[in-house]
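What follows is one structure encoded as structure tokens, with my remarks underneath.
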Amino acid sequence: MQNLKHIFFDLDHTIWDFDRNAHETLTELYGNYNLRELGLHSCDDFISTYTAHNHQLWTQYHLGQISKAELRAERFKKTFIELGIEPEKVPAQFEDDYVSISPTKTNLFDGATEVLAYLQEKYHLHIISNGFKETTLTKMHLSGLNPYFKNVFISEDVGVNKPDKAIFAHALSKADAQIHESIMIGDSLEADIRGAQNFGMKAIFFNPLKVAKPEDVTWEINSLKELINHF
């Protein structure tokens, strides 16, 4: 990591614990909307089914295969249909309520603020996120993350998503950073790691679930706290 000056982080699933925050939000909505009365007898089944569809749709969004509107329109629709609920019975405000509540959750991955405080003393820290602009800014603010980062680059502002090389070029240009002095840290092999590598930038795979690491991925961590040892 010689000559390193800039560290670019993903936000969701890397610093902000997306799955934990989503679980809390969906549990609240399951009760608020009395989904048991619609025939959804297991909150856990509802959440796991939603999570699978949401992850699949986000992968398509990363790759530019669907729009933000399509992602938002489809994730709960697909979930309810798979669980045997007719689309017309899906609460009309469910998606809007999810989008308004979820970003207010503040669960971060273990050690996040400790690690960011440590790294901030030595490097310039930045965010590159494919998340939606309004929710990303809310998450950053309410989770107390803004003071740690020099810049927050959001795909909706840039006009392209990770893994497109253009978003990395934009971020490095605005941060006044060179490729050889920069590194990307994120959980998505496709968006964060492959995106950075294809751009010519070093990358660290954040892998808390300990999935099999591809051979061409050089660096991997299972906990953010490991970064203190690496840097």
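General observations
- The stretch 80-127, residues that are polar (S, T, N, Q) and more than 20 Å from the chain's Cα centre (by Cα): GLN93, GLN120
- Considering (1) within 16 Å of the chain's Cα centre (by Cα); (2) open to solvent by 20 Å² or more (accessible area, probe 1.4 Å), the lone condition that TRP16 does not fulfil carries the number (2).
- Looking across the stretch 47-75, just one residue is open to solvent by less than 30 Å² (accessible area, probe 1.4 Å), in contact (Cβ under 8 Å) with a residue 24 or more places away in the chain and of a type in the set (A, V, I, L, M, F, W, C), and that is ILE47.
- Among residues of the stretch 195-216, those that are touching a Lys or Arg at 6+ places or on another chain (Cβ under 9 Å) and crowded, with 16+ Cβ neighbours inside 10 Å, counted: 6
- Residues in the stretch 122-152 that are assigned to a helix (DSSP H, G or I) and not hydrophobic (A, V, I, L, M, F, W, C): LYS133, GLU134, THR135, THR136, THR138, LYS139, HIS141, ASN146, PRO147, TYR148.
- Hey, THR79 among the β-branched types (Val, Ile, Thr), surrounded by fewer than 20 Cβ atoms within 10 Å (Cβ to Cβ) and over 23 Å from HIS126 (Cα atoms) or not: no
The values are calculated or read from the model by the stated rules, or taken from the named source; none is laboratory data. Predicted model only: the values in this text are computed from it and were never measured. Note that we place each Cβ from the backbone using ideal geometry, even for glycine, and neighbour counts take in every protein chain shown. Side chains included, ligands, DNA and RNA excluded: accessible areas come from the protein's heavy atoms. Shrake-Rupley method; radii C 1.70, N 1.55, O 1.52, S 1.80 Å.
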